Amino acid sequence: MNSKIRTRFAPSPTGLLHVGGLRTALYNYLFAKQNGGQFMLRIEDTDRARLLEGAEKNIIETLRIFGLDFDEGPIRQSDHLEKYKERAEELIQKGAAYEDGGAIRFKMPKDGVTKFTDIIRGEIQIENETQEDFVILKSDGFPTYNLAHLVDDHDMAITHVIRGDEFISSMPKYIALHKAFGWELPQYAHLPLLLNKDRAKLSKRESDKAVKVLLEEDGYLEEAVLNFVALLGWHPKTDQEIFSLEELIKEFKLEDVQKAGAIFDIQKLDWMNGEYIRKKTPKELVELAAPFLEKEGEGDSSFLEKIIALEQPRLKKLSEMPERTDYFFREPEYDVSLLKWKNMDDNQTKNSLELSAELLKAVNDKDFNKENLEKIFLDRAKKFQDRGELLWPLRVALTGKKASPGPFEIMEILGKESSISRLEAALDMLK
Ligand code: GLU
């Protein structure tokens, strides 16, 4: 265990925390924790034009939801403006920077090559002639990212800088700045880009993939989102795909993060979310699904538990609940033609529904359960050429849907009276 390892997550509070930001935070957290080190939160708020009200709160809340507790912070750069100014002036005194209008620029050496080792990418070389003199302190007195992050990483004794790979091309700047200050370099690990499935860079179009949206609107579970994000660029050597945070702390390896862009595959998230949904009890799911079922109105919790238990084997995300289960909360509406199985005509469909209603009326209230109903109906269905002729019109009358769970479990939940009245409503449509 190396107790000196210190990492940081350093988001700019310019919007809701996105999947990419969560991944950066997670990898920093995992690397610190697996080494007995510390994980810090720093808010990089020096680009005043891009600040968004509430963004910092969202960042902190999101980290808390996922249990990514930071040991220090939030450290806010705007609280330390004096420090950056002093550092910029120090560079002027050393002859490494100069005033340009109201701003201060760093004199970038233009010859030679910058070489460094990245934990993920290995040896990297960049020609210094690709760089220009760059602003470190703006005329408004605020430092640029280039100066501020580096001064803070030094002051916070950060040992490992784990961040997105868009910063690689500026590494000559950071290395030259370290040299000018006479500071030791931290180690760097630049994380691969997140790509859409068509391999295009995750764009503004994807801005709906804020973590908050995934949780609160799309209905993904926290465990699934965290697990999914962990695998955006890292995979264990085994086939294991389901990981808790504790397991990730044990298994994650920074040096095994891939160099190539990581594909954001929403279908994989759907699959993974389904896996986590299956691990919950119906009672837990009722609580988790409550925000999505609000509009469906009343329903005591045992009624909701039964509905959720019915959907649990198939459900991919909680936001599907209203559309999948609306028929439990109100009489279904559907096109009369949906009642017909294959080539059935109106008359056959009517007869089938009438028979179902009769069968239901003959069942005692206390025997109105799935097993019993299944026995009665499957028995009777033997007299049909195709049992769909009995069961399809019944199921559509109950649900109004092309696809749903089976009619017997649905009738058990709806109860005798409501099941019969739905059959009668279907018969009315056929009149
Ligand atoms: N504020 C930078 C960003 O949000 C942080 C980069 C870094 O981790 O150094 O991209």
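Here, each number is a calculation from the coordinates, and none is a lab measurement. The model shown is predicted, which means the values in this text are computed figures rather than measured ones. Positions of Cβ are backbone-derived with ideal geometry, glycine not excepted, and every protein chain shown enters the neighbour counts.
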Point to revise | Lys253/Asn351 FRET efficiency (R0 60 Å; Cβ-Cβ; nearest 0.05) | key: 0.35
Check your understanding: Taking 0.36 nm per residue of separation and subtracting the Cα-Cα distance, what length does fully extending Glu123 through Asn343 add?
Key -> 72.3 nm
Review point. For a paramagnetic label modelled at 7 Å from the Cα of Met429 toward its Cβ, which residues of region 368-401 fall within the zone defined by backbone nitrogen distances under 20 Å?
Key: 388-401
Revision key, fill the gap. Note on the chain, DSSP bridge orientation, antiparallel percent to nearest 5 equals 50 percent
Review point. For the chain, what is the relative contact order in percent, using Cα pairs closer than 8 Å and at least 6 residues apart in sequence?
Key: 12 percent
Check your understanding: Roughly speaking, what is the centre-to-centre gap between region 309-325 and region 63-120 when only Cα atoms are used, to the nearest Å?
Key -> 49 Å
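To the nearest 0.05, what FRET efficiency results for Glu374 and Ile266 with a Förster distance of 41 Å applied to their C-beta separation?
Once rounded, the FRET efficiency stands at 0.65.
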Revision key, fill the gap. All alpha-carbon distances of the chain, grouped into 20 Å bins from 0, give the whole-percent distribution 21, 39, 22, 14, 3
Point to revise | Rounded FRET efficiency, nearest 0.05, which uses the C-beta distance separating Glu216 from Phe329 and R0 of 22 Å | key: 0.55
Revision key, fill the gap. So the compactness index of region 205-352, its C-alpha Rg divided by 2.2 N^0.38 Å, takes the value 1.38
Review point. Past the 31 Å Cα-Cα mark, which pairs from Lys115/Lys138; Lys4/Lys138; Lys280/Lys416; Lys138/Lys212; Lys317/Lys402; Lys85/Lys110?
Key: Lys4/Lys138; Lys138/Lys212
Exercise for review: Which order do the peptides 215-228, 48-61 take when ranked by the mean count of other beta-carbon atoms within 10 Å per residue, highest first?
Suggested key: 215-228, 48-61
Study note, to complete from the structure: With label points set 7 Å from each Cα along the Cα-to-Cβ direction at Glu275 and Ser169, the distance between them in nm comes to 3.7 nm
